[in-house]
1. Once Rh is set to the Kirkwood radius over Cα pairs, what Stokes-Einstein translational diffusion coefficient, in µm²/s, holds for segment 239-396 at a temperature of 20 °C and a viscosity of 1.002 mPa s?
2. Please list 3J(HN,Hα) in residue order for segment 174-184, calculated via the Karplus relation 6.51 cos²θ - 1.76 cosθ + 1.60 where θ = phi - 60°; whole Hz, with x for glycine and proline.
3. What would the Debye formula give as log10 I(q)/I(0) at q = 0.09, 0.10, 0.13, 0.14 Å⁻¹ for the alpha-carbon point model of segment 158-275, no solvent?
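Each reported figure results from applying straightforward, stated rules to the coordinates on display, with no laboratory input. In this text the structure is predicted, and so the values were computed from the model without any measurement.
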Amino acid sequence: MNDSPGWASPGPSSSDPRNERGDGSEGRNAPEEPGHASADRPPNWSANQPPPAGGTWGAPPPPGGPGWGQRSNPAWQAAPAPRPGIVPLRPLGLGEILDGTFGLFRRHWRTVLGVSLVVGVVTQLVATLVMGFWFRDGSDLTALDDPDPTLDEIAEAAESTLSGSLVTGVVGVLGTVFATALLTVVISRAVLGRNITFTEAWTEARPQLLRMLGLMLLVPILLSLVFVVGLAPGTAVVMAGAEGAGAALLLLGAFAALAVGIWLWVRWSLAAPALMLEKQGVVSSLKRSTKLVNLTWWRVFGIQLLTVVLVFVIASVIQVPVNFAALLIDGDAVGSLSEATAMSWPYLITTGIGGAIISMLTFPIQAGVTALLYLDQRIRREALDIELARAAGIPGYGDSGPRS
């Protein structure tokens, strides 16, 4: 592996359960088949046993010799994993993934906060301008307060809402693509203990931005199609006139679509770092993520779900006081839907500042956990820790050095 932040695969990857390792030992010494005896080991014993003290199994240690419980025995002294950057180069636990994510703020705060702040300010600025010029007076949404609106009024309100939402949605997607791509590159350097500037991160990420955009658009489309397929039978039954059976079928289809959607979301959750760090294409990154998540779906799901909860809590802690302050500035921005949209510019600017702060803090957390989880999966499956140690220049991990 070279010194670049792109983590090329050190060898053929495999999702064969026999090649899985939960303790970071896969890809080095393959254990013997259980149930077979060898010259120095009884049958049905694990291959990962300490060496016999006296040369035969069950024999006591020689007089005066080191016993199994003595720390002076070098066979029991495992060398600590190297840590050139924000995480140790070995299989990571949940606490280490979170610690490494927050370590980004401590060690690389200029670049990390610079990237996320630029994205947060631009996206919130666009959202504030859209709200101000599209919805601030609420004139297009008065039909929503009318108990009997005309079709023209509904169409006008829908057109205004969709046009404004389309603009903010496009800018939001572009901001997410930009932040995810650059922050993933920053994390890849941080793992090796190296600093990177905003300009260097942009140079590294720029060739993959269009592919990242395609990935960010393709995944929501595919997940939406899952819901369309799940709701289609119930919708057809309702339109046929069987409203009771159709409603039950709609509910069943919604639950089934939700389950399938979550399953696919987890399987594809590592596609972004695979695309950026292995220079994969859109479809190839989805397949790569599926292979890495295979057989560890529940673990990946738990960590990603915890990340979503953590991001929600952080956003709520900031958003609640910001909204309260905005209401104090513009106390008239309450009431019906059309009145609530008749917000003053001070109100919109205040909430926009709060949104930018939230983006600045949550973008690195989401990108950091996902990238480190991808790193953890590759260490467990492909011994990527050895390649990263070599790239970091750690003594003893050269091309001709030991592999442990």
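1. On the way: Rh = 19.7 Å.
After rounding, the answer is 109 µm²/s.
2. After applying 6.51 cos²θ - 1.76 cosθ + 1.60, I find 4, x, 5, 4, 4, 5, 5, 5, 5, 5, 5 Hz.
3. With one equal scatterer per Cα and no solvent, log10 I(q)/I(0) is -0.41, -0.49, -0.71, -0.78.
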